[in-house]
Amino acid sequence: MTKNKSKWDKIIIGAGLYGLYAAKLCGERGERVLVLEWEKSPFQRATYINQARVHMGYHYPRSYATAIKSAHYFNRFIKDYDFCIHSAFDQVYATSDSFSWTNREQFVQFCQAAEIPCDELMPDKYFKKGLCDGAYLTKEYTYDAGILGQFFVDALVGMKNVEINYGVRLQQIDKGPDSYVLTLESGAVLETGFLLNATYGSTNQILSLAGYEPFKIKYELCEIILCQPQDKLREVGITVMDGPFFSVMPFGKTGYHSLTSVTFTPHVSSFDSLPKFNCQAKSWGYCSPEQLGNCNDCVAKPQSAWPYMSNMAKKYLKAEYGFSYEGSLYSMKPILKASEVDDSRPTVVRKVSEKPTFVSVLSGKINTVYDLDEVLKND
Amino acid sequence: MTRQQEKKVTVRDKEKNFVSAVIYIYNDEERIRDFLEKINAVLSANFESYQIICVNDASDDNSLAVIREIGKSISGTVINVVNMSFYQGVELAMNAGIDLSIGDFVFEFDNMVMDYEAELMMYVYDRSLTGFDIVNAAPKKCGRKTSRLFYAVFNRYSRSPHPLRTENFRVLSRRAINRVHSMSKTIPYRKAVYANCGLKIDTIEYDNDRSCTKGYDKETRYQRKEMASDSLILFTNVAYKMTLLAAVFMMVATFGIGIYTLVSYVTEDVVSGYTSMMLVIVFGFFGVFVILAVIIKYLSMLMELVFSKQKYTIESVETISE
């Protein structure tokens, strides 16, 4: 471990994509950077456990701002990280005939306005009759978190000025006159003039540890189902929108598909500032509102919603686009309360203090990682 | 239904089929708890996976709060609520609930009056497995005179192969739901569309406990009257027949007056100008009634082509868990 009381130019909490991206960027400039991670390896939570979608903006027909920004970053992301991108499949979006907040005409109009490609298909090719009023072939890819994580680890290993500590238990954050002092359970004391909170589900936990006002978020314990696609589905990704529907699409380069549904992916919600769930009482102290454990390693993780999600997909999809269950991944998802109506997913970069600097970043999308450039530049 | 049947139901293995129960709720706060608990007990005992969709038709009382409370006490994400934006009546509201359901089989509960044993649900379900896409559960005795009158007129004038009657709940296969949706874009009166969908239908009668009958409030009574007249116009030819008959009768009558005018011109001594004036009038009216008959025919054809009813408007959809 680190020597007692070590000084760093930047300390980053969380070894997900945002944390390691920031570490690489600053490391390349020669700064001394330390990354602190609770887990034993990087990319264990939100970066890995999501639909692995590189968003082009189709997902946000009710928030042009989010859509246009996603589209803007899309090309940059697939150019920078092409080695982890899986693009050889047909990504199909469809608008459900009933219960959708957006219909066929509105979706086409939205794509034109956001200037993202969208070719209309016959819904009957994929869906049972009468269930979807429009289907579109779109340009959207998936990334492989495993490969992406390895790339960052390899890049950072080569830098003598950057260090990643795993299995870290943070105990205390104190603000000094010109630096933050972090105390770990191991007794180590760390000091830095720039602290970046790049955690996702734990973002308010870090903020409250440092004594700052939390983000206004609600939490959802989400389940992503991994499934084995049958032949016809193998090279197709399907997303039915915009409402209580589902998506089944390739999960990076793993060969599996991820299955999610708006109604059944979130298992339980918490509206408290710190994530408080009933299942935490059954976790034998592994997980608490102050420190989230990893749901996948937890004894109290929820039962899979596979019967629900698969039945919803079965209701819509033609029988030849079948799939079978492989496993479930669980993760904690914070959602900004303000974004419920327009379903937008803004990246929030909040600088709560300057000199010493404390920055918290919260974003639900992988390709908006470039939003960090701005805040990391001026120091 | 026999005792043996009931016993068989309680000891068998859980069904693999996914079922949805869609329940209509409108100002029913006293009934909800009991009803949901009973239904949940039957479903959880008999099915590996199921969902309960409560369609809250803009209730003014505490119905929604009661559902939320019960939802929290039931483990898993079993209960969903569809909140209608404003009161839209049982038909549109139930359509919304059915559109949201994902089950292979769907139970439809138009009301929460449980004048039967909860196990009847399984008897009805088992019946559908023997090859019926739609199975209705109907009380033997129907209390309301107006209902009986409506069904008598409806069944007399509709060409439906299955006569309609008062039903309490039913189970539908996914195939039946897909069929009725591909038949017509909107479904103003489910029972009539189901009866005409061409799939196998069965009805199970049960001895009902008439003490449970529920009174309707003013709004619901009005809605039911509207529904009844709409259905008679849409699904039976009673209105078409009556208006066409009237038009033809008037045509014949004017024609008769024309004949009489001509006859009296020859046989009687009439004032000059009377005959020509009468002939002009007769000719004009005859033309009007012919045109009316054609228009009625046109209208009835148009109505058969499109049901002009709007689809439902929903406010929100929520999943409730512990």
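The values are calculated or read from the model by the stated rules, or taken from the named source; none is laboratory data. Predicted model, so just to flag it, every value in this text is computed and none were measured. Using ideal geometry, Cβ is built from the backbone for each residue, glycine included, and neighbour counts are taken over all protein chains shown.
Could you tell me how many of the residues in the range B:179-189 are surrounded by fewer than 16 Cβ atoms within 10 Å (Cβ to Cβ) and either at pLDDT 75 or above or among the hydrophobic types (A, V, I, L, M, F, W, C) (or both)?
Count: 1.
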(request) Return only the number of the condition from (1) modelled with pLDDT of 85 or more; (2) within 30 Å of A:Ser98 (Cβ to Cβ) that B:Ser276 does not satisfy. (result) (2)
(request) Could you list all residues from the range A:33-54 that are buried (at least 22 other Cβ atoms within 10 Å of the Cβ) and more than 11 Å from the chain's Cα centre (by Cα)? (result) A:Val33, A:Leu34, A:Val35, A:Leu36, A:Glu37, A:Pro42
(request) Consider only pairs whose beta carbons are under 6 Å apart and that are at least six residues apart or on different chains; among these, list those whose first residue lies in the range A:283-311 and is more than 10 Å from chain B (Cβ to nearest Cβ) and whose second residue is aromatic (Phe, Trp, Tyr) and assigned to a loop (DSSP other than H, G, I, E, B). (result) A:Gly293/A:Tyr286; A:Cys298/A:Tyr286
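Is it the case that the range A:31-43 has a residue that's assigned to a helix (DSSP H, G or I) and polar (S, T, N, Q)?
no
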(message) Could you go through the range B:98-109 and let me know if any residue there is without any contact (Cβ under 8 Å) to a residue 60 or more places away in the chain and within 13 Å of chain A (Cβ to nearest Cβ).
(response) yes
(request) Consider B:Ala118 carefully, then state whether it is at pLDDT 90 or above, in the same structural domain as B:Ala192 (by TED's automatic domain parsing) and either within 28 Å of A:Leu131 (Cβ to Cβ) or not hydroxyl-bearing (Ser, Thr, Tyr) (or both). (result) no
(message) What are the pairs with Cβ atoms under 7 angstrom where one residue, in the range B:50-74, is small (Gly, Ala, Ser) and the other, located anywhere, is surrounded by fewer than 21 Cβ atoms within 10 Å (Cβ to Cβ) and in a strand (DSSP E or B)? Sequence gap at least six, or different chains.
(response) B:Gly71/B:Ile320
(request) State the number of residues belonging to the range B:113-140 that are assigned to a loop (DSSP other than H, G, I, E, B) and of a type in the set (Phe, Trp, Tyr). (result) 2
(message) If I filter the range A:77-114 down to residues being polar (S, T, N, Q) and without any contact (Cβ under 8 Å) to a residue 40 or more places away in the chain, which single residue comes out as surrounded by the fewest Cβ atoms within 10 Å (Cβ to Cβ)?
(response) A:Gln112
(message) Restricting to the range A:279-307, name every residue that is under 23 Å from the mean Cα position of the chain (by Cα) and under 23 Å from A:Phe99 (Cβ atoms).
(response) A:Ala305, A:Trp306
(request) Identify, by number, the condition in (1) over 22 Å from B:Glu219 (Cα atoms); (2) away from chain A (no Cβ under 13 Å); (3) in contact with a helix residue (DSSP H, G or I) (Cβ under 6 Å, 6 or more places away or on another chain) that B:Glu69 doesn't meet. (result) (3)
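Please specify each residue of the range A:171-187 satisfying the condition of being among the charged types (D, E, K, R) and in contact (Cβ under 8 Å) with a residue 40 or more places away in the chain.
A:Lys175, A:Asp178
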(message) Against the condition of a type in the set (Asp, Glu) and under 25 Å from the mean Cα position of the chain (by Cα), how does A:Asp144 come out, does it pass?
(response) yes
(message) So A:Ala313 ticks every box in (1) under 29 Å from B:Ile177 (Cα atoms); (2) assigned to a loop (DSSP other than H, G, I, E, B); (3) at pLDDT 90 or above but one. Which box is left unticked?
(response) (2)
(message) Going by what's in this entry, would A:Lys314 be described as crowded, with 17+ Cβ neighbours inside 10 Å, among the charged types (D, E, K, R) and without any contact (Cβ under 8 Å) to a residue 12 or more places away in the chain?
(response) yes
